[in-house]
Each structure stands twice: as C-alpha cells, then as structure tokens.
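Q: Mind looking over this structure? Questions follow.
The values are calculated or read from the model by the stated rules, or taken from the named source; none is laboratory data. Quick caveat: nothing in here was measured; it's all calculated off a predicted structure. Cβ placement follows ideal geometry from the backbone for every residue including glycine, while neighbour counts extend to all protein chains displayed. SASA here: full protein model, heavy atoms, side chains in, ligands and nucleic acids out. Shrake-Rupley method; radii C 1.70, N 1.55, O 1.52, S 1.80 Å.
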Amino acid sequence: MSYQKFGFEPAFVERVKAKMKNPDTKERIKMILHGVTRYDLQDRAKVRRFVGMLGKVLGEKLSDKQIEHMINFVISQKIDPNNTFHLIKLWGMFR
C-alpha cells in the first residue's frame, strides 16, 4: 500500500525523511518508541500520543487531519515492531 492512499503528502514525507537523517533526532525517536508493542500500535489513544511526541521532536506542526491520517495508517498496517518483515515492508513504502 502506498502512503499516499492514507493522505500523506509526498513533500511532508520527504521533509520527515530528511530530518530523520540527523543522528540526534533519530536517537530521540528511538528512545520514544523503545519498548512499544504491536498492541500499543493498535490503541488509538497511545498512537495519538506517540504521533504528538514524534511531531514535536521533528519540529512538525501537525493538523488534526494529518494526525488522524497517521493514526489510521498505523492501525491499518497492524505493525509488529518485533517482526522484521513488517519493518522491511514499511521501509519499502517510504524509501
């Protein structure tokens, strides 16, 4: 599935990818997501909280519409952070 089907703008994705190349930012993101389980990524409230924290770390002002798109994307992908196949699939979507 393409991230564009979930309402993500390619310019937004490129900005975030560029910011993630900064090692300090990348480490801060890793620390926020350390210990997250697939059950956490299926809980709308927790995903909303993660999106808010990650948006602040990346310095992105997210609209309510963008936040909802991200929440729907994460929940629909049924991501298991401990499953390498799931992570490769996500990497392939955004590379």
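Q: Plugging the Kirkwood radius over Cα pairs into Stokes-Einstein for the range 2-46, at a temperature of 4 °C and a viscosity of 1.567 mPa s, what D comes out in µm²/s?
A: 104 µm²/s
Q: Another question, then. Accessible surface of residue 88 in the full protein assembly, 1.4 angstrom probe, to the nearest 10 Å²?
A: That residue has around 100 Å² of solvent-accessible surface.
Q: Using a basic spin-label model with each label point 7 Å from the Cα along Cα→Cβ, how many nm lie between residue 93 and residue 61?
A: 2.7 nm
Q: Could you run the Karplus curve 6.51 cos²θ - 1.76 cosθ + 1.60 with θ = phi - 60° over the range 49-63 and give me ³J(HN,Hα) per residue in whole Hz, x for Gly and Pro?
A: 5, 4, 4, x, 5, 5, x, 5, 4, 7, x, 9, 7, 9, 7
Q: Under the 0.36 nm per residue contour assumption, what length would be gained going from the current alpha-carbon distance of residue 44 and residue 12 to full extension?
A: Value of the extension gain: 9.3 nm.
Q: Let me ask another. Which semi-axis lengths, in whole Å and largest first, follow from the square roots of five times the eigenvalues of the Cα gyration tensor of the range 23-69?
A: Values for the range 23-69, descending: 17, 17, 6 Å.
Q: Mind pulling the per residue volume of the convex hull built on the Cα atoms of the range 1-92? Å³ is fine.
A: Dividing the Cα hull volume of the range 1-92 by its residue count gives 98 Å³.
Q: Further question: From the protein chains alone at 1.4 Å, what is the descending order of accessible area for 17, 78, 5, 26, largest first?
A: Order by accessible area, largest first: 5, 78, 26, 17.
Q: In a Gaussian network model over the chain where Cα atoms closer than 10 Å are linked, find which of 85, 73, 50 has the largest mean-square fluctuation.
A: Of 85, 73, 50, the most mobile in the Gaussian network model is 85.
Q: Just the number, please: carbon plus sulfur as a percent of the accessible area of the chain, 1.4 Å probe, no ligands or DNA/RNA counted.
A: C and S fraction of accessible area: 58 percent.
Q: With θ set to phi - 60°, apply the Karplus curve 6.51 cos²θ - 1.76 cosθ + 1.60 along the range 88-94 and write out the HN-Hα couplings as whole Hz, x wherever there is a Gly or Pro.
A: So the J values, rounded to whole Hz, are 5, 4, 5, 4, x, 5, 10.
Q: OK, next. What's the local net charge at residue 74, with K and R +1, D and E -1, over the other residues with C-beta under 15 Å away?
A: Its environment carries a net charge of +4.
Q: Then there is this: Compute the accessible area per residue over the chain, keeping the other protein chains in place, probe 1.4 Å, unit Å².
A: Heavy-atom accessible area per residue stands at 70 Å².
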